[in-house]
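The values are calculated or read from the model by the stated rules, or taken from the named source; none is laboratory data. Please read these numbers as outputs of a predicted model, since none were measured by experiment. Note that each Cβ is placed from the backbone with ideal geometry, even for glycine, and that neighbours are counted across all protein chains shown. Just so you know, the surface numbers come from the protein's heavy atoms only, side chains and all, with ligands and any DNA or RNA stripped out. Shrake-Rupley method; radii C 1.70, N 1.55, O 1.52, S 1.80 Å.
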Amino acid sequence: MRYGLALAAAIVGIACVPADAEPVVARIVAKPVGDRLIGALSRRLFPLFDAIGADPAALDRLKANPAVAAMLATRAGRRTACADDLTCITQALVWTPSESATLAAGMPEHMSSADDGAAAQAKREIEGINVVLRTFGLGQLPRYPQIDGAGPIDPSETRARLQAADWLSRTSRARSAQALDPSMDFALSLLDVSDRTDAIGFDPLTGGLNAAAVKRARSLDWKRWHYTAMIVTGVGPETPDTALSPFGKYHVRLAADRFARGDIALIIVTGGRAHPRATRFTEAEQMRAALIERYGIPADAIVLEPYARHTTTNLRNATRLLATLGAPFDKDALIVCNPGQSETIAGAAFAQRNLTELGYVPGQVGERLSPNELEFRPSPLSLRVDPRDPLDP
């Protein structure tokens, strides 16, 4: 009965509206849609620019800076002059050193969480954007072409990726720094259309497959253990359809055998979706599965590190995981791997490679206890955030 009265009242109300009255039109203010995948990639790779994009007031203040405004106008003119030439547009989006310095100088300090300040963080993130543009947009060979980069692709596919990245960078996205400059969204879109979004494939690392081990780690008495963790490095297969490489199977057997002695708190398996370039398998995930299924290692004893793409980042990322787990840095971990990789890690050339590629050494490689085992003392320097983390294009 009440429903009928309400409906009748509504009909009467409509009937009483004057015939010449203008219709009431709801005014809806359209807002940019959020892209969860690109948003997550943005927060991971370019956290400072992501924070700027999420703060309209900060964005407006930065754009109002006269030096920044003039520099951005020059960049916009450079893009406009390219017309529809996609290669030209991509090159135009690459930041010059002077443009990077100008934008970095105007960055609001309070928006950075970097230990060396907003300007330094901005320069690193801009260099990260440049690396993506050059590698995935302009075809520049990366340091390790068998693992990183877009690889040899058909010219028509190259054009399709550039065109899509250009269109996407011009299509509004919530929490984006597009209003400042489209280069970040162009770079993020290049990674997306190249299917290189594995930098966020296992987030958050403290959940999912790592949840049980993280829970156990937080109750560990680290003093009881001789080593905080066993770091088991990945070795990618040579063919894209192989889940776990021959050397990877050897590493897993070594890890299971060594863990059985009972003096290591946790196993960290480290290795991303790296080798060969077209693989769909993540090394660490496959090693974890083998440890559980083949050797009966409990899941709460294994921590997955699925982002490292090289031996340098194996150790850097494992160190960061140790910090997340609450492991003390004044105790050693143990690296377990094949003799060739072990010998490489122990050598002076590897320390120099870390300095070249990361800017620091992620830890001190100690005594080589056997052809398969090295002690490792992690360094707090590994906790520094860098735009190359965790993606090395």
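When you look at Gly262, is it modelled with pLDDT of 95 or more and in a loop (DSSP other than H, G, I, E, B), yes or no? Here the answer is yes, as Gly262 does meet what is asked.
Counting only helices (runs of 4 or more DSSP H) that sit wholly inside region 80-187, those with at least 1 residues that are closer than 19 Å to Val68 by Cβ and open to solvent by 20 Å² or more (accessible area, probe 1.4 Å) are 97-106, 118-132. Screening region 259-281 for residues that are under 23 Å from Arg320 (Cβ atoms) and open to solvent by 10 Å² or more (accessible area, probe 1.4 Å) and picking the one that is farthest from the chain's Cα centre (by Cα) gives Phe259.
Return yes or no: is Arg277 within 30 Å of Thr171 (Cα to Cα) and outside any helix (DSSP H, G or I)? Taking the combined requirement at face value, the residue satisfies it.
Residues being β-branched (Val, Ile, Thr) and either surrounded by fewer than 17 Cβ atoms within 10 Å (Cβ to Cβ) or assigned to a helix (DSSP H, G or I) (or both) are represented in region 289-302 by at least one member.
Residues in region 191-232 that are of a type in the set (Ser, Thr, Tyr), closer than 15 Å to Ala318 by Cα and in contact with a Leu (Cβ under 8 Å, 6 or more places away or on another chain): 2 in all.
Scan region 200-224 residue by residue and report those that are in contact with a Gly (Cβ under 9 Å, 6 or more places away or on another chain) and among the hydrophobic types (A, V, I, L, M, F, W, C). Answer for region 200-224, where residues must be in contact with a Gly (Cβ under 9 Å, 6 or more places away or on another chain) and among the hydrophobic types (A, V, I, L, M, F, W, C): Phe202, Val214, Ala217, Leu220, Trp222.
Gly77 meets the conditions (1) open to solvent by less than 20 Å² (accessible area, probe 1.4 Å); (2) assigned to a helix (DSSP H, G or I); (3) out of contact with any Asp or Glu (no Cβ under 9 Å at 6 or more places or on another chain); (4) more than 30 Å from Gly271 (Cβ to Cβ) in every case but one. The failed one is (1). Among the criteria (1) touching a Leu at 6+ places or on another chain (Cβ under 8 Å); (2) buried (at least 16 other Cβ atoms within 10 Å of the Cβ), the one Ala318 does not fulfil is (1). In region 119-141, the residues that are in contact (Cβ under 8 Å) with a residue 12 or more places away in the chain form Cβ pairs under 9 Å with partners that are of a type in the set (Asp, Glu) and part of a helix (DSSP H, G or I), at six or more places apart or across chains, as follows: Ala119/Glu109; Ile126/Glu99.
Phe329 - would you say it is touching a residue at least 40 places away in the same chain (Cβ under 8 Å) and open to solvent by less than 60 Å² (accessible area, probe 1.4 Å)? It is true that Phe329 is touching a residue at least 40 places away in the same chain (Cβ under 8 Å) and open to solvent by less than 60 Å² (accessible area, probe 1.4 Å).
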